[in-house]
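Chemist: The structure is given below, and queries will be raised subsequently.
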Amino acid sequence: MQIYLNGKFLDEKEAMISPFDHGFLYGDGIFEGMRIYHGRLFRAARHAARIRKGMQMLCLKTEQSLDDLIEVVCELARRNEIFDEGYVRLVISRGVGIKSQVQSDGQVMEVSDLGLDPAKCPRPTVLIIVSRINLYPKEWYENGLKLTTTCIRRNSADACPPQVKSLNYLSNVLAKLEANRAGAAEAVFLNRDGFVAEATADNLFIVEGNKVVTPPTSDGALPGITRDAVLELCEDEKIEAIERHVTLSDLYGADECFLTGSAAKVIGVSEIDGRKIGSGRCGPITKRLMDAFQALTMRDGIEIIPSETANTEAVKN
Ligand code: PMP
């Protein structure tokens with residue numbers, strides 16, 4: 001598999017990142033997960049906008065424009081012949097710390113620096129991987145998956161802001177460990193005020209009667225690209241959808257619950273902390289939105305290869 005690292009397309013075995021890279025040493029950087037469906041890079045402009053915001057927050061600057069990076073993603077997909085059910089991971093880290101050191105012969109040399117200071121990192125590291133993904137088993141898309149709530153609180157907005165997809169996913173990892181221990185597929189974060197925020201890698205929605213409800217991003221939810229798409233689809237489908245605080249009792253008492261994410265797409269929830277949700281299978285509104293999302297993936301996104309070829313490839317894949 002070819003990957004892209006700092007301006008070069010390389011075989012994955014040749015790709016090396018320095019141990020002094022601040023992404024590795026300090027989790028200093030951002031990442032993005034995108035999808036390729038039917039020969040198209042889904043919602044590329046929205047992903048680019050989120051990357052831009054993250055870079056602005058972290059004061060990260062790359063040599064390439066985001067448009068160029070999106071073109072690199074497309075080229076990498078072509079090189080790896082991934083035209084459907086593709087997953088793209090784009091990482092921009094702070095890069096390697098460098099300091100000047102005077103040698104015994106009086107010459108000034110540049111050497112790697114271990115310190116935290118981002119000002120010592122002149123060039124961010126840009127890494128792009130395009131691969132295939134099937135996050136959850138097919139039957140979960142019919143029957144729903146199990147959730148657990150976690151005692152780990154969602155990051156506060158004044159700490160590691162949940163709106164930025166930073167390389168600091170430790171609380172998500174800790175919560176996922178709890179999900180594994182509880183035999184659940186995903187864990188739900190509450191925020192410091194006790195309201196539901198989101199899951200470790202997905203946004204969360206509930207259905208109350210005919211109404212779809214999701215926590216506002218100010219409650220600690222990432223502004224998910226799939227979340228946005230689903231809110232738009234609700235409008236198209238004439239389903240009322242609102243952003244509102246969601247409490248634990250809203251969650252446990254919901255008629256339906258589903259998660260959204262680039263990797264998971266739209267997936268129903270059957271059970272939360274041992275409480276059966278609705279019928280205990282994917283609910284009717286969830287199913288409608290899953291189908292509408294599936295249809296959206298057929299038409300949305302920038303073309304990586306001409307659509308006729310994509311359809312042949314989709315069959316091949
Ligand atoms: N929340 C978190 C914490 C995530 O990591 C993700 C995955 N990017 C999401 C929500 C879903 O966002 P998106 O639909 O943009 O993938």
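Chemist: Scan the range 47-64 and tell me whether some residue there is of a type in the set (Val, Ile, Thr), modelled with pLDDT of 95 or more and within 16 Å of the ligand (Cβ to nearest atom).
Modeler: yes
Chemist: Identify, please: which residue in the range 206-244 is closer than 21 Å to residue 190 by Cβ and charged (D, E, K, R) and is, among those, most open to solvent (accessible area, probe 1.4 Å)?
Modeler: My answer is 243.
Chemist: If you don't mind, there's one more thing I want to ask. Among all residue pairs at least 6 apart or on different chains, which show Cβ distances below 9 Å where the first residue, located in the range 288-299, is closer than 19 Å to residue 256 by Cα and open to solvent by 80 Å² or more (accessible area, probe 1.4 Å) and the second is in a helix (DSSP H, G or I) and at pLDDT 95 or above?
Modeler: 288/233
Chemist: Taking residue 193, is it of a type in the set (Asp, Glu), open to solvent by 60 Å² or more (accessible area, probe 1.4 Å) and farther than 19 Å from residue 91 by Cα?
Modeler: yes
Chemist: Here is a follow-up. Checking residue 11 against (1) without any contact (Cβ under 8 Å) to a residue 40 or more places away in the chain; (2) in contact with an Asp or Glu (Cβ under 7 Å, 6 or more places away or on another chain), which single condition isn't satisfied?
Modeler: (2)
Chemist: Could you list, in sequence order, all residues of the range 196-205 that are aliphatic (A, V, I, L, M), open to solvent by less than 30 Å² (accessible area, probe 1.4 Å) and within 11 Å of the ligand (Cβ to nearest atom)?
Modeler: Answer for the range 196-205, where residues must be aliphatic (A, V, I, L, M), open to solvent by less than 30 Å² (accessible area, probe 1.4 Å) and within 11 Å of the ligand (Cβ to nearest atom): 197, 199, 204.
Chemist: Got a sec? Which strands (runs of 3 or more DSSP E) wholly within the range 36-114 have at least 1 residues that are polar (S, T, N, Q), under 21 Å from residue 25 (Cα atoms) and open to solvent by 20 Å² or more (accessible area, probe 1.4 Å)?
Modeler: Of the strands (runs of 3 or more DSSP E) lying wholly inside the range 36-114, those with at least 1 residues that are polar (S, T, N, Q), under 21 Å from residue 25 (Cα atoms) and open to solvent by 20 Å² or more (accessible area, probe 1.4 Å) span 98-102, 108-112.
Chemist: If you check residue 272 against the conditions, is it open to solvent by less than 10 Å² (accessible area, probe 1.4 Å), more than 16 Å from the ligand (Cβ to nearest atom) and in contact (Cβ under 8 Å) with a residue 60 or more places away in the chain?
Modeler: yes
Chemist: On to the next question. Please enumerate the residues belonging to the range 219-250 that are basic (Lys, Arg) and free of Cβ contacts under 8 Å to residues at least 12 places away in the same chain.
Modeler: Once the filter is applied, which keeps residues that are basic (Lys, Arg) and free of Cβ contacts under 8 Å to residues at least 12 places away in the same chain, the range 219-250 yields only 238.
Chemist: Mind listing just one residue for me: the one in the range 245-255 that is of a type outside the set (S, T, N, Q) and over 24 Å from residue 172 (Cβ atoms) and, of those, surrounded by the fewest Cβ atoms within 10 Å (Cβ to Cβ)?
Modeler: Checked the range 245-255; the qualifying residue surrounded by the fewest Cβ atoms within 10 Å (Cβ to Cβ) is 253.
Chemist: Within the group 7, 33, which residue is under 28 Å from residue 116 (Cβ atoms) and open to solvent by 40 Å² or more (accessible area, probe 1.4 Å)?
Modeler: Testing whether each residue is under 28 Å from residue 116 (Cβ atoms) and open to solvent by 40 Å² or more (accessible area, probe 1.4 Å) leaves just 7.
Chemist: Run down 134, 155 and say which single residue is open to solvent by 90 Å² or more (accessible area, probe 1.4 Å) and within 19 Å of the chain's Cα centre (by Cα).
Modeler: Being open to solvent by 90 Å² or more (accessible area, probe 1.4 Å) and within 19 Å of the chain's Cα centre (by Cα) holds for just one of 134, 155, which is 134.
Chemist: To continue, here is another question. Condition (residue is in a helix (DSSP H, G or I), of a type in the set (Phe, Trp, Tyr) and touching a residue at least 12 places away in the same chain (Cβ under 8 Å)) applied to the range 251-262: is it met by at least one residue?
Modeler: Taking every residue of the range 251-262 in turn, at least one turns out to be in a helix (DSSP H, G or I), of a type in the set (Phe, Trp, Tyr) and touching a residue at least 12 places away in the same chain (Cβ under 8 Å).
Chemist: If you don't mind, another one. What's the total number of residues in the range 10-30 that are aliphatic (A, V, I, L, M) and surrounded by 20 or more Cβ atoms within 10 Å (Cβ to Cβ)?
Modeler: 1
The values are calculated or read from the model by the stated rules, or taken from the named source; none is laboratory data. Source: prediction; values computed, not measured. Quick reminder, even Gly has a Cβ in these numbers, built from the backbone with ideal geometry, and neighbours come from all protein chains shown. Note: accessible area is taken over every heavy atom of the protein model, side chains too, but ligands, DNA and RNA are not part of it. Shrake-Rupley method; radii C 1.70, N 1.55, O 1.52, S 1.80 Å.
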